[in-house]
Amino acid sequence: MTETFSIGEAMATPGRVIRRHPMAVFVWGFLMMGFSLLAVALMFGTLADLPLTDGAEPPPEMFGKLMAVQGLSMLLNVGQAVLAVVIWAATMRATLMIGRPDRTFFLRAGMDELRLVVVGLALFVGAYIAVIILVLLGAALVATLWQANEAAAMIGGFVLVLGLIALVVVAMARLSLIAPATLILKRFAFVEGWALGRGRTLPLLGLLVCTWLVYLVVYFVLAFVVIVALFASGVLADITAQSPPATLGELFPSPPVLATVAGLMLVPGGFVYGAVMTLLSAPFASACRQLLDGPSGAMFAAATSPVATSAGDAADTMV
Amino acid sequence: MSFSATDAAFEGFRVVRRHPVTALIWGLAYLVLYVATFGLGAGQWAAIMASAQTLEQSSNPSPEEMMALGQAYMGLLVWLAPLGLVIGAVLSAAVARSVLRPAENAWGYLRLGMDEVRVFAVTLAIGVIVGLLCGVLSAIVVAVFGLGVASGQAVMYLLALILGLAAAALVIWLSIKLCLAVPMTIDRRKFTLFESFKATNGQFWPLLGMTIIAVIMSLIVSILGTIISAGTDLATGGISVLAGMDGLSTLDVLARAWPAILVWSVVNALMSALQLAVLYAPFSAAWQGLRDR
C-alpha cells in the first residue's frame, strides 16, 4: 500500500460541497443553530425569575424549576448529539455524492447514522479511557522519578505531557478514516479504517493540521466580525449601561434586539456553521474515498458484503 | 456461514425485527419480575428510596445512614437475587434459542427445562470464576498499593497501577474466552464451559470488538429508555415518589403509588427486553458463524 491521497484535493472538497450544495450547507447549520437557540431559550426562559441580587431568596417554585431544567438539559444534550451525528453523516454523504440533487439535503435517519453513533461513541470512550490510563501511568512514573531526582522528574513530566499531546493528535489522524469508511462501506469499518491509514500517518496528520488551521482562521475572523458588530451596534454599551439586573430575565436584551440576534445567528450564522461542519468532515471523507478508489481500496471490493466477510478477514486481506 | 464481528453485533436488532412479538414476550417476563419485586417488596423499596435520598442530601453521610441503606438493600436482595438469576437464565436461554433454533419460536422461545438449568449452571460457574479471579487480583493490587502507602515508595504506586491494568486485561480476556459458553450450551444441549476457550481461539479481537459494539448499542437503547422514562416520570412522578412513603405497609404503598410503579415497570421491562436482545444475541450469532466455518 504505497499509494496515498492528495491533501490538496481533500482540502478543496469542502469548498466544492459548499459551492454545489449551498442550500444543504445552510440547512445543516440552521438545524444545529436552531436547536441550540431553542435549548438556550427553553433553559433561560424557565429560569428567568432566578434572583441575582445579593441575599435574595429564590421563589419556592424555583427548586422544582431547577430540577426540570436539569432533566431538560440532559435530554437536550442527547438530542443535540443525535442531531450532530445526523448532520455529520449528511456532510460526508454530500461529499461522496457531490453534484447529485437530494431532496432531504442528504439528511437521513437510518443504519448509517446508527453505525456512526456507535463509531463516535467507541472512539470517544476508547480515547478517554486511553488518556486516563496514560495520565495515571505518567503521574506514577513522575512520582517515582521525583523520589530519585526532582529535576529529572520535572523534565520527565514535561516530556510526558508533550508526548501525550503528540500521541493524541497522531491517534486522531490515524483514526480519522474509520467514520467515513463506515459510511462508504455500509458496515462498521474499524479494521478497514485503521488499515487504510496504515503507512499514511503523516499525510493524515498533514490533513488534520490543514483542517485545523483553516478552522482557526475562520474562527478568528468570525470572532473579530462579531465583536466589531457588537461594539458598532451599541449592544454591549447598552448592556453595560443598564443597572444591575435583579433577575436572570433582566440580563436579556429587549425582544427586538433578541430577535435580531437570533435572526443573524440563524441565517448567516446557520450557513457559516454548516460550512464549518463541512470543513471539518469533508476532507476526511474525500481522503477515504480517494484511498478506497485506489489499488488498496480494490482489496475491500470483495469485502463490501457484510455477510460474506469478517472484520478479521478484511484485516488479513489488507495485510 | 463465517463469523463477521460487525455483522454479528447487529444480531439483536435482527432478532427483534424477525419476531417483534418475541421482544414483547421477553418484556412481559421482565414485567413479571418487576411486578413481583414491587408487589412483594414495595415497603422495602420505599425504605431504600428514603435512605438513598437521605444520603444524597447529606453532605457528610454518617456510617449509620450508609448501614441503613445497605440493610434495606440486603433485605430485598435475599429473595430478589435468586429470582433474578432464574429469570436471567430463562431469558439468556431464550435469546440464544432465537438465534440458534429460530424455528422453536413458541412462547417467545421461553422454556423452563434442562436447557435453562444448564444455562443457569453455566452462568453461575462463569460468575464464580470471574468473581473469584476479580477478588484475588483486587486483593493483590490493593496489597501492593497498601505497601506503597506504608513505605512511601512511589514505585509501589506505579507497580500497583501496572498490576491493576494487567488484572483488568486478564479479566476481560477471560470473559471473552468464556463468552460463547451459553450459546454452546444451548446448541449442544449439554453443559459446556471450557470448550468456549477452544472455540474462541484466534477470534479474541473480533469477539472483543463485537462485544464493545454490542455494549455501545445497548447503551444507546438505554439512553432512549431514559428519554422515555423522563417523559413518563414527569407524568406519574416516577418511583422516586416511594421515598416519601417510608414506614407504610406494602399494601399502602401500592395503593398510593401503583400508577407510577406500573408505568415505570412497563417502560423498563420493554427497554430491558430490547437491551437483552441487543447485548446477548451477538454471542449466539458469533458461535453460529464459528461453528459453521
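The values are calculated or read from the model by the stated rules, or taken from the named source; none is laboratory data. Since the structure is predicted, the reported quantities are computational estimates derived from the model, not experimental observations. We place every Cβ from the backbone using ideal geometry, glycine too, and count neighbours over all the protein chains shown.
List of remarks:
- Checked against the criterion of being over 30 Å from A:Ala189 (Cβ atoms), more than 14 Å from chain A (Cβ to nearest Cβ) and crowded, with 19+ Cβ neighbours inside 10 Å, the range B:4-17 contains not a single residue that satisfies it.
- Selected residue (only one of B:Lys177, B:Lys190 is more than 13 Å from chain A (Cβ to nearest Cβ), over 26 Å from B:Trp26 (Cα atoms) and not aliphatic (A, V, I, L, M)): B:Lys177
- Of all residue pairs spaced 6 or more apart or on separate chains, those with beta-carbon atoms under 7 Å, a first member in the range A:176-196 that is at the interface with chain B (Cβ under 10 Å from one of its Cβ atoms) and a second member that is assigned to a helix (DSSP H, G or I) and aromatic (Phe, Trp, Tyr) are A:Leu185/A:Phe300; A:Glu192/A:Phe300.
- Contact map, the range A:62-83: first residue of a type outside the set (D, E, K, R), second residue exposed (fewer than 15 other Cβ atoms within 10 Å of the Cβ) and not in a helix (DSSP H, G or I), Cβ cut-off under 7 Å, separation 6 or more or different chains; pairs are A:Met62/A:Asp49.
- With respect to (1) surrounded by 15 or more Cβ atoms within 10 Å (Cβ to Cβ); (2) within 14 Å of chain B (Cβ to nearest Cβ), the lone exception for A:Ala39 is condition (2).
- Total residues in the range B:221-230 satisfying the condition of being within 9 Å of chain A (Cβ to nearest Cβ) and either modelled with pLDDT of 90 or more or more than 18 Å from the chain's Cα centre (by Cα) (or both): the figure is 2.
- Taken over the range B:237-271, the criterion of being of a type in the set (S, T, N, Q), part of a helix (DSSP H, G or I) and away from chain A (no Cβ under 14 Å) is satisfied by B:Thr250, B:Ser265, B:Asn268.
- Subset of the range A:221-242 [within 24 Å of A:Val276 (Cβ to Cβ) and at pLDDT below 85]: A:Ala229, A:Leu230, A:Phe231, A:Ala232, A:Ser233, A:Val235
- For B:Asn105, the conditions (1) closer than 24 Å to B:Arg291 by Cβ; (2) free of Cβ contacts under 8 Å to residues at least 24 places away in the same chain all hold with the exception of (2).
- Of B:Leu137, B:Leu110, B:Leu147, B:Leu161, all but one fail to be crowded, with 20+ Cβ neighbours inside 10 Å and either touching a helix residue (DSSP H, G or I) at 6+ places or on another chain (Cβ under 6 Å) or at positive phi (or both); the exception is B:Leu161.
- Looking at A:Leu75, A:Leu83, just one residue is over 16 Å from the mean Cα position of the chain (by Cα) and of a type in the set (A, V, I, L, M), and that residue is A:Leu75.
- Residue match in the range A:289-309 (condition: under 22 Å from the mean Cα position of the chain (by Cα) and either under 25 Å from A:Ala94 (Cβ atoms) or modelled with pLDDT of 85 or more (or both)): yes
- Within the range A:141-156, restricting attention to residues that are of a type in the set (Gly, Ala, Ser) and closer than 12 Å to B:Gln153 by Cα, the residue that is nearest to the other protein chains (Cβ to nearest Cβ) is A:Ala143.
- Within the range A:67-103, the set of residues being of a type outside the set (A, V, I, L, M) and either outside any helix (DSSP H, G or I) or surrounded by fewer than 19 Cβ atoms within 10 Å (Cβ to Cβ) (or both) comprises A:Gln70, A:Gly71, A:Ser73, A:Asn77, A:Gly79, A:Gln80, A:Gly99, A:Arg100, A:Pro101, A:Asp102, A:Arg103.
- If the condition is being at the interface with another protein chain (Cβ under 7 Å from one of its Cβ atoms) and crowded, with 17+ Cβ neighbours inside 10 Å, then the range A:122-140 contributes A:Ala122, A:Ala140.
- Unmet criterion (only one of (1) away from chain A (no Cβ under 12 Å); (2) within 24 Å of the chain's Cα centre (by Cα)) for B:Ser218: (1)
- Here B:Leu55, B:Leu40 are screened, and the one residue that is in contact with an Asp or Glu (Cβ under 6 Å, 6 or more places away or on another chain), more than 14 Å from chain A (Cβ to nearest Cβ) and surrounded by fewer than 19 Cβ atoms within 10 Å (Cβ to Cβ) is B:Leu55.
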